[in-house]
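A quick write-up on the structure given underneath.
Only the coordinates and a few stated rules stand behind these numbers; no lab work does. Worth saying up front: this structure is predicted, and the values here are computed from it rather than measured. Cβ: placed from backbone, ideal geometry, glycine included. Neighbour counts: every protein chain shown.
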Amino acid sequence: MLNRVILMGRITHDLELRQTPNGVSVLSFSLAVERSFARQGEERQTDFIDCVAWRQQAEFISRYFGKGRMIAIEGQIQTRTFQDKNGNNRKAVEVLVDSVSFTGEPKQQGGGSNYAGNYGSQNQGGYQQGGQQSAPAPQNNNAAPSNDALSIGDLGDFEEVLSDDGVPF
């Protein structure tokens, strides 16, 4: 069976990173995602999709994204039931986030994020705008990336690798 979702949209509200009683980071947020079509003479409709990120994903999103910021996520749909304040049974449908990518959106002035750029995802295999595969994230997830750490570098920084079969990969 297959349960995969890829979304790109804008975060609809300020992010609040929370901790479970066991100290596990969790972040709930909503994405505004425009539909890809519109009836003639009408504006495009927008869907508001609830998302949940755990542990390092939650910390990464809360650090580098904010309200109004474009984000690309990949995950799976999950449903859960719960009782509201009045004791009524409710059902929630949300996306459990597996990977996150920057969208290449230009840096916003006055907030939203500490960093904007077209650099990698929190997990390898994330998708960027246009469906392109993104570069892997830096291995040190505890420190905020500096501009030096995210630069591509010079050609002199790379080492030529020779193989017996002549294939470069």
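What the table shows:
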item: Region 10-67: chymotrypsin sites (Phe, Trp or Tyr not before Pro) falling in loop per DSSP and having at most 13 other Cβ within 10 Å; result: PHE37
item: Cβ-based net charge around VAL97, under 13 Å, with every Lys or Arg adding one and every Asp or Glu removing one; result: -3
item: Shape category assigned to region 1-53 from the gyration tensor of Cα positions, a/c cut at 1.5; result: oblate
